[in-house]
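Right, one structure below, let's go through it.
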Amino acid sequence: MIRGGRTTLRPATHSDLDLLAGWFADPTFVEWWGGTPLARDEVAAKYCGAREPGVESFVVQNGSEPIGYIQSWTDDGGVSGGIDLVLLPEQQGYGLGPEAGRALALELAARGWSPITVDPALSNLRAIRAWEKAGFASEGEWLDHPDGPALRMVFRG
């Protein structure tokens, strides 16, 4: 478990399949997460329990209430990588996303990761502001990002 003030990040397991399958099937939840609702079997393979090496999946909680999903991934053997985060739409705007993102970034920094990056869509101004609040700074536009134009941001603490 990783704690961040009001939020807690707990490892996602197969017991979270119903919860995550419902979230990832909702077009409003996946609007900035690939944009396409996912089938239950795809959610089970990608987000519950064991994943490909270097990826850790967490359910974000506010108290005991599940409010979102966050993951970290490493691209070079656990010394650097990135974070992806999505909250339920009704949980956005309360500072919970920046809090959860910062908690995970601090945990990864304590493990020796550097750099730690995020890549919100250029048009997702809410996410860009949230990542800035979490301690990330812009490092430049990434116009040929696989999911469309993005902003590369690096954790500065």
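Each value in this text was obtained by applying a stated rule to the coordinates, not by laboratory testing. Here the structure is a predicted model, which is why all the values come from computation and not from measurement. Neighbour counts run over all protein chains shown; Cβ positions are idealised from the backbone, glycine included.
Where only DSSP H runs of four or more residues are counted, the chain gives -7500 deg cm²/dmol as its mean residue ellipticity at 222 nm, each run worth -39500 (n - 2.57). Specify whether the C-alpha gyration tensor of the stretch 66-157 places it in the rounded, prolate or oblate class, a ≥ b ≥ c being the square roots of the eigenvalues: rounded for a/c under 1.5, otherwise prolate if a/b is larger than b/c and oblate if not. Oblate. Placing +1 on each Lys and Arg Cβ and -1 on each Asp and Glu Cβ, with no other charges, gives the stretch 2-155 a dipole about its Cα centre of roughly 520 debye. Beta bridges per DSSP, both residues in the chain: antiparallel share near 95 percent.
The overall shape of the stretch 2-155 is rounded: from the C-alpha gyration tensor, with semi-axes ordered a ≥ b ≥ c, the ratio a/c is less than 1.5. Overall, the stretch 55-109 carries a charge dipole of about 100 debye about its Cα centre when +1 sits on the Cβ of Lys and Arg and -1 on the Cβ of Asp and Glu, all other atoms neutral.
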